[in-house]
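As structure tokens, the structure follows; a few thoughts come after it.
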Amino acid sequence: MTQEGSFPKTPSCEKAGDRRANANEAVHLRLFPLARKVVRWIASLRSRRLIKVIRSAMPPLPDLFLFERYAFDPASGALELAYRYDGGGPAFTERLRFPPLTRPLSDPERAALETALRLLFLLAGVSYAKAFMPRTLACPAFPLDPVTAAFVEDVYRQGLAECAYRNGVDLDGRLVFQADALAAPPVGTPLPHLSRALVPVGGGKDSTVTLEALRGAGEDITLFALGGPNGPAAPIRATCEVAGLPLLSVQRVLSPNLAEVNHQEGAINGHIPITAIVSGAALITALVQGFANVVLSNERSASAPNVIQGGHAVNHQFSKSFAFESALNAYVTRHISPNLLYFSLLRPLSEAAIAKRFAALSRYHDVFRSCNTAFRQNESKRASSWCGACPKCRFVFLALAPFMDKDRLIRIFGANLLDDPAQTAGFAALGGLDTHKPFECVGEEDESRLLLAHLARHPAWRDSSVVHALAPRLTFGGEEAFAERFQALFTPSWSESLVPERYRSLF
């Protein structure tokens, strides 16, 4: 039976007001379809002032988002999260299933777990708040203290900055969390029995480098993955099978009506800070299963923004950035448990340094995949190979080219991406040569330029059409200056890092 305990219940959705809200939902979703098409067209032209004028002329969409309730059943590991828009907007119910508890929890553990559950409840709501980017978000499920509200609001505003930018939405006055000024923030609970490391795996090169580095250091590690109704995506499963390490996975089933809402005219579609949700689920798993460390695999380039707008950074990888990592770790140690650490082992490294390490892990080469086509929400539309035509495919190919046998790399991707003239503009974009780097999980622009310049000097790659076309634009002030900057890619940077001292010798 689901145990709600101190997890507050909310009134039934069958009340008259809620029935009326459900009846009005479709009306809100169909507001002014032609006007919203115009807005999206103007957004593609980056005409921000006109977008603002047109949006201000529209009647308001649902502008109050509510965190209604959450309920967790420790015996089954089932977690239910309920959200809705006030005033007739849509309501959502998300379900997750964690590995079940194998032992009873102590009172301190229950206190820490409840705080972690509430945090995930708040973070996961971003999938639904994104639809209309409301002005206000309120939490009737429990008193939301100002510290937690400020942390989550920052995650929403920065994590949805790209989505807002690309849809022409001005975030001024939006995504503001209502806090209860009288509510005290939770106090972290000492849990000295925690031990071992939990490593989230994404199916790409980065988490593979992390797990093998920790295994080589003799660490006791378990892998973690967040998956859909049928479990983790194929590249994640394959990576875990090759690793031969235990895996704990969490099933996340989005609210069934979210896809319909997202396809309605007027809904805002785009990127969300998914790593924040993965992290929240991993922290709960760590607490329940007794892990002391949640070890991510985010590199230093994840902190680099794609563009700066109005003095504010717009970063596709915000929830992989050091800013997010340090803020979440601080929240965890102060308000959940000082014995639970959240950090990225690869933060000091560049993408090039990680690629060099991964190139030596040959048993993973046939199963790893970073291409987004492998992780589509609609599982029936997931691809079984690299698409070879997206920014992530281009960047991974570029990063591995200096360190892998050319024929081997081409076999993995199914084509020589660097010898396809149609890809020249795409590789140029990675280096910021004509525009800002793509809104994708790719390396820094300077890093991409250095990698391309290195290949222009590499006998196996210098005659490839893309390299040959871009080489004249890759100037670094002479060979000595270039060599110095290229070598710097392989020097760890500790200025922004939470890596514990005992792990630093790995680099």
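Table for the structure above
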{"item": "Residue match in region 325-341 (condition: of a type in the set (Val, Ile, Thr), surrounded by fewer than 18 Cβ atoms within 10 Å (Cβ to Cβ) and either within 21 Å of the chain's Cα centre (by Cα) or not in a loop (DSSP other than H, G, I, E, B) (or both))", "result": "yes"}
{"item": "Condition met for residue 124 (in contact with a helix residue (DSSP H, G or I) (Cβ under 8 Å, 6 or more places away or on another chain), closer than 19 Å to residue 273 by Cα, in contact (Cβ under 8 Å) with a residue 12 or more places away in the chain and not aromatic (Phe, Trp, Tyr))", "result": "yes"}
{"item": "Residue within region 397-417 that is more than 23 Å from residue 366 (Cα to Cα), modelled with pLDDT of 95 or more and under 23 Å from the mean Cα position of the chain (by Cα) present", "result": "no"}
{"item": "Boolean, residue 355 is closer than 12 Å to residue 206 by Cα, among the aliphatic types (A, V, I, L, M) and surrounded by 24 or more Cβ atoms within 10 Å (Cβ to Cβ)", "result": "yes"}
{"item": "Total residues in region 382-408, condition without any contact (Cβ under 8 Å) to a residue 24 or more places away in the chain and buried (at least 20 other Cβ atoms within 10 Å of the Cβ)", "result": "1"}
{"item": "Criterion: among the aliphatic types (A, V, I, L, M) and not in a helix (DSSP H, G or I) - qualifying residue of 152, 169, 209", "result": "169"}
{"item": "In region 230-253, residue farthest from the chain's Cα centre (by Cα) [restricted to those that are assigned to a loop (DSSP other than H, G, I, E, B) and surrounded by fewer than 19 Cβ atoms within 10 Å (Cβ to Cβ)]", "result": "244"}
{"item": "Enumeration of residues in region 414-429 that are surrounded by 20 or more Cβ atoms within 10 Å (Cβ to Cβ) and without any contact (Cβ under 8 Å) to a residue 40 or more places away in the chain", "result": "429"}
{"item": "Tally, over region 213-229, of residues that are of a type outside the set (Val, Ile, Thr) and under 22 Å from the mean Cα position of the chain (by Cα)", "result": "7"}
{"item": "Segments classed as helices (runs of 4 or more DSSP H), wholly inside region 441-507, with at least 1 members that are among the polar types (S, T, N, Q) and without any contact (Cβ under 8 Å) to a residue 24 or more places away in the chain", "result": "479-488"}
{"item": "Condition check for residue 128: more than 21 Å from residue 258 (Cβ to Cβ) and assigned to a helix (DSSP H, G or I)", "result": "no"}
{"item": "Considering residues of region 316-341 that are of a type outside the set (Gly, Ala, Ser) and in contact with a Gly (Cβ under 7 Å, 6 or more places away or on another chain) only, the residue nearest to residue 300 (Cα to Cα)", "result": "318"}
{"item": "Close pairs (6 angstrom Cβ cut-off, 6 or more residues apart or separate chains): free of Cβ contacts under 8 Å to residues at least 60 places away in the same chain and on the phi > 0 side of the Ramachandran plot in region 166-187, surrounded by fewer than 19 Cβ atoms within 10 Å (Cβ to Cβ) and hydroxyl-bearing (Ser, Thr, Tyr) anywhere", "result": "none"}
{"item": "Region 369-393, subset in a loop (DSSP other than H, G, I, E, B) and small (Gly, Ala, Ser), residue nearest to residue 275 (Cα to Cα)", "result": "370"}
{"item": "Some residue of region 181-191 being under 26 Å from the mean Cα position of the chain (by Cα), small (Gly, Ala, Ser) and assigned to a loop (DSSP other than H, G, I, E, B)", "result": "yes"}
{"item": "Residue 362 vs. criteria under 23 Å from residue 506 (Cβ atoms), out of contact with any Lys or Arg (no Cβ under 9 Å at 6 or more places or on another chain) and without any contact (Cβ under 8 Å) to a residue 40 or more places away in the chain", "result": "no"}
{"item": "Positions within region 137-149 being in a helix (DSSP H, G or I), among the aliphatic types (A, V, I, L, M) and closer than 12 Å to residue 118 by Cα, in sequence order", "result": "149"}
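The rows are residues; the columns are (1) over 22 Å from the mean Cα position of the chain (by Cα); (2) surrounded by fewer than 20 Cβ atoms within 10 Å (Cβ to Cβ); (3) on the phi > 0 side of the Ramachandran plot; (4) outside any loop (DSSP other than H, G, I, E, B).
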{"residue": "84", "(1), (2), (3), (4)": "yes, no, no, yes"}
{"residue": "96", "(1), (2), (3), (4)": "no, no, no, yes"}
{"residue": "103", "(1), (2), (3), (4)": "yes, yes, no, no"}
{"residue": "108", "(1), (2), (3), (4)": "yes, yes, no, yes"}
{"residue": "116", "(1), (2), (3), (4)": "no, no, no, yes"}
{"residue": "122", "(1), (2), (3), (4)": "no, no, no, yes"}
{"residue": "134", "(1), (2), (3), (4)": "no, no, no, no"}
{"residue": "156", "(1), (2), (3), (4)": "no, no, no, yes"}
{"residue": "162", "(1), (2), (3), (4)": "no, no, no, yes"}
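This table checks each residue for (1) over 27 Å from residue 166 (Cβ atoms); (2) buried (at least 20 other Cβ atoms within 10 Å of the Cβ); (3) modelled with pLDDT of 55 or more.
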site	(1), (2), (3)
47	no, no, no
60	no, no, yes
70	yes, yes, yes
76	yes, no, yes
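The values are calculated or read from the model by the stated rules, or taken from the named source; none is laboratory data. In this text the structure is predicted, and so the values were computed from the model without any measurement. Please note: Cβ atoms are built from the backbone with ideal geometry, for glycine as well, and neighbour counts cover all protein chains shown.
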